[in-house]
Amino acid sequence: MAVCRECGEPVEAGNVLCPQCASGDRGGSATRAGAPASGPAASAQSVASTSVRYSDAYKVSHSAVAIGGVIKWLGYLLGTLTVAAGMLAAQSLGSDASGLVIIGAIAYGAGVMAVFYALGTLVSAVGQILMATLDTAVNTAQGTKTASSAP
């Protein structure tokens with residue numbers, strides 16, 4: 001039976017984590033919560049794994065910002081098409097109600113644009129917030145600092 005290096009509790013052979021402190025340091029290659037062991041090779045593997053995670057997360061954040069832009073663009077397109085359809089309908093109705101139909105189409109088209117613009121802004125904001133969070137995490141995580149920011 002192995003003994004946990006963190007708390008000294010006995011750990012059964014089949015267990016990966018210590019049942020007492022959740023450490024994975026049983027004298028093998030794992031430390032707390034199954035993270036890679038310390039040392040140059042493990043440190044390089046950890047930095048590479050962290051870099052891949054951050055790279056993937058940045059791709060997601062950039063995609064969210066781009067999707068927000070597409071939603072805004074679709075709002076402009078749908079709003080413009082709504083106004084154009086209203087004007088065509090006004091022409092076919094004649095002079096009695098055409099003014100009201102045009103005003104209604106413009107108001108409805110503006111409403112469509114406003115809703116899509118708001119949704120696009122919210123989606124883009126989520127991407128921007130994710131980017132800001134990632135910037136903070138990258139700049140404060142161990143192993144990701146550049147030589148200029150090292151003490």
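FYI, it's all coordinate maths here, none of it is from the lab. Computed from a predicted model, the values in this text were never measured in an experiment. Note: ideal-geometry Cβ built from the backbone for every residue, glycine included; neighbour counts use all protein chains shown.
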Check: Taking H as built 1.01 Å from N, whose amide H comes closer than 5 Å to the amide H of Val11, not counting residues under 5 places away?
Finding: Ala2, Val3, Cys4
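Please work out how much length the chain gains when fully extended from Gln91 to Thr140, using 0.36 nm per residue of separation minus the C-alpha to C-alpha distance, in nm with one decimal.
Fully extending the segment from Gln91 to Thr140 adds 11.3 nm.
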Next item on the list: Taking the Cβ of Ser61 as the centre, find all other residues whose Cβ is under 15 Å away and add up their charges (Lys, Arg: +1; Asp, Glu: -1).
Entry: 0
Next item on the list: Largest first and to the nearest Å, give the Cα extent of the stretch 49-138 along each principal axis.
Entry: 69, 15, 8
Notebook entry, point to check: So how far apart, in nm, are the two label points at Ser98 and His62 if each is 7 Å from Cα heading toward Cβ?
Noted result: 5.1 nm
